[in-house]
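The values are calculated or read from the model by the stated rules, or taken from the named source; none is laboratory data. Worth saying up front: this structure is predicted, and the values here are computed from it rather than measured. Ideal geometry is used to build each Cβ from the backbone, glycine not excepted, and the neighbour counts take in all protein chains shown. These accessible areas exclude ligands, DNA and RNA; they are computed on the full protein's heavy atoms, side chains included. Shrake-Rupley method; radii C 1.70, N 1.55, O 1.52, S 1.80 Å.
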Amino acid sequence: MRHLLSVDDLGADGIDEVLRLTDSFVEVSARAIPKVPALRGKTVVSLFFEDSTRTRLSFDTAARRLGADTMTFSAGSSSLKKGESIRDTVQTIEAMGVDALVVRHASSGVPDQIARWSSAAVINAGDGWHQHPTQALLDCYTIRQRLGSLEGRRIAIVGDVKHSRVARSDVTAFTLLGADVTLVAPPTLLPPSLEGWPVRVSHDLDAVIDEVDVVYLLRMQRERMSEALVPSLREYTAWYGLTPVRADVAEARGVVIMHPGPMNRGVEIAAEVADRPNVAVIDQVRNGVPVRMAVLFLILGAGSEAFSAGPVESEPLVAAGGQA
Ligand code: NCD
């Protein structure tokens, strides 16, 4: 695999491969010096045209733990402000010698476009409403960690599906690994057409909480809305928020609660609920680093050939890495 632009680039076997390799990097992350020299001499650039806390820091940490050099580009403080195009920006950065570009952009398709221009590997870190493949990978890893497997599990994705690249990537990844996905949202927050989506739809969160193994909450992505899609946030919370009462039901049933962050406490999740033991949000963030190490290793490291040829032998990598 040369680029990672969409979950579809991986398929079920590819996802499995990343998750298996992630186990090795979880082990590395637990060491006193959580580093291996697998990508020494490689340069990974974060090319972020849109805000990020988790994803950017997570990729950066992952690249450093593999021994790569990192550079960070922030649109807000760059020559884009002086009118430079994305293409010229990419060429300028590439001229410095880079091996991978980790790209986030508010418009769908920009990472695909950059992949066509660039000789470096491109990893999509979120584009518009389209895809966020590494989020889906870390979500799958987190569910496996909590529940053992996704096979036959029932997962509800709740909230602003319409504007969510996370939902699009998660629906594909969860389904590929054998889970059953139900979208729970008001009609105004669902995509105009769900043709081809392997999902059920419900408007009754209370009924769904009684049946599922995982409730995946989405943020109300107000920066992506051009009109009012819910009567009020209070109304939204009453119908679709994880209120303390719903959280009690979920906790009693052992339902795993997830959220990609950033959370709007008091909107999609009640403020005091977010820190309960069945809420896996911090696990998701923690798992993001080893998952992204696995992705970078498969694309840039010794894994890049093994990945297209078949299973990767991850043991020697970790052993050889030592703690030097
Ligand atoms: C998400 C994103 O930016 O796509 N956050 C993330 O990467 N963890 C979700 C969001 O913005 O709501």
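Condition first: in the same structural domain as S226 (by TED's automatic domain parsing) and closer than 30 Å to T89 by Cα. Can you find one or more residues in region 120-127 that meet it?
For region 120-127, residues in the same structural domain as S226 (by TED's automatic domain parsing) and closer than 30 Å to T89 by Cα: absent.
Is it the case, given these coordinates, that E223 is open to solvent by 10 Å² or more (accessible area, probe 1.4 Å), in the same structural domain as R253 (by TED's automatic domain parsing) and modelled with pLDDT under 95?
Criteria met by E223.
Of everything in region 149-171, what is of a type outside the set (D, E), in contact (Cβ under 8 Å) with a residue 60 or more places away in the chain and out of contact with any Ser or Thr (no Cβ under 8 Å at 6 or more places or on another chain)? Give them in sequence order.
R153, V158, G159, H163, V166
Could you tell me which residue of region 85-137 is farthest from R224 (Cα to Cα), considering only residues that are acidic (D, E) and at pLDDT below 95?
Only one residue fits best here, namely E94.
Yes or no: region 131-148 includes at least one residue that is of a type in the set (A, V, I, L, M, F, W, C), open to solvent by less than 10 Å² (accessible area, probe 1.4 Å), more than 16 Å from the ligand (Cβ to nearest atom) and in contact with a helix residue (DSSP H, G or I) (Cβ under 6 Å, 6 or more places away or on another chain).
Checking region 131-148: not a single residue is of a type in the set (A, V, I, L, M, F, W, C), open to solvent by less than 10 Å² (accessible area, probe 1.4 Å), more than 16 Å from the ligand (Cβ to nearest atom) and in contact with a helix residue (DSSP H, G or I) (Cβ under 6 Å, 6 or more places away or on another chain).
Within region 192-227, track down each residue that is farther than 20 Å from A270 by Cα, in contact (Cβ under 8 Å) with a residue 12 or more places away in the chain and within 16 Å of the ligand (Cβ to nearest atom).
R224, M225
Take region 159-176 and flag every residue that is away from the ligand (no atom under 13 Å from the Cβ) and surrounded by 20 or more Cβ atoms within 10 Å (Cβ to Cβ).
V171, T172, A173, F174, L176
I want to confirm something. Restricting to region 244-283 and keeping residues that are part of a strand (DSSP E or B) and out of contact with any Asp or Glu (no Cβ under 8 Å at 6 or more places or on another chain), which single residue is surrounded by the fewest Cβ atoms within 10 Å (Cβ to Cβ)?
R265
Starting from region 257-276, take each residue that is on the phi > 0 side of the Ramachandran plot and list its partners that are within 13 Å of the ligand (Cβ to nearest atom) and open to solvent by 20 Å² or more (accessible area, probe 1.4 Å), counting only C-beta distances under 7 angstrom and pairs at least six apart or across chains.
Matching pairs, first to second residue: G261/R54; G261/V285.
Report, by residue number, each residue of region 41-59 that is of a type outside the set (S, T, Y) and within 14 Å of the ligand (Cβ to nearest atom).
If the condition is that a residue be of a type outside the set (S, T, Y) and within 14 Å of the ligand (Cβ to nearest atom), then F48, F49, E50, D51, R54, R56, L57, F59 are the ones that fit.
Among the listed residues D60, D9, which satisfies the condition of being on the phi < 0 side of the Ramachandran plot and without any contact (Cβ under 8 Å) to a residue 24 or more places away in the chain?
None of the other options fit; the residue is D60.
Which residue pairs have Cβ atoms closer than 9 Å, lie 6 or more positions apart in sequence or on different chains, and pair a first residue in region 72-86 that is in the same structural domain as F49 (by TED's automatic domain parsing) with a second residue that is modelled with pLDDT under 80 and surrounded by fewer than 10 Cβ atoms within 10 Å (Cβ to Cβ)?
Partner pairs satisfying both residue conditions: A75/K81.
Going residue by residue through region 26-44, is there one that turns out to be under 17 Å from the mean Cα position of the chain (by Cα) and either open to solvent by 60 Å² or more (accessible area, probe 1.4 Å) or modelled with pLDDT under 95 (or both)?
Scanning region 26-44, I find no residue that is under 17 Å from the mean Cα position of the chain (by Cα) and either open to solvent by 60 Å² or more (accessible area, probe 1.4 Å) or modelled with pLDDT under 95 (or both), so the answer is no.
What is the number of the single condition among (1) surrounded by fewer than 20 Cβ atoms within 10 Å (Cβ to Cβ); (2) assigned to a loop (DSSP other than H, G, I, E, B) that R64 does not meet?
Only one criterion is unmet by R64, namely (2).
Return the residue satisfying two criteria in turn: it lies in region 93-141 and is closer than 17 Å to D9 by Cβ and of a type in the set (D, E), and of such residues it is nearest to the chain's Cα centre (by Cα).
Ranking the candidates gives D139 first.
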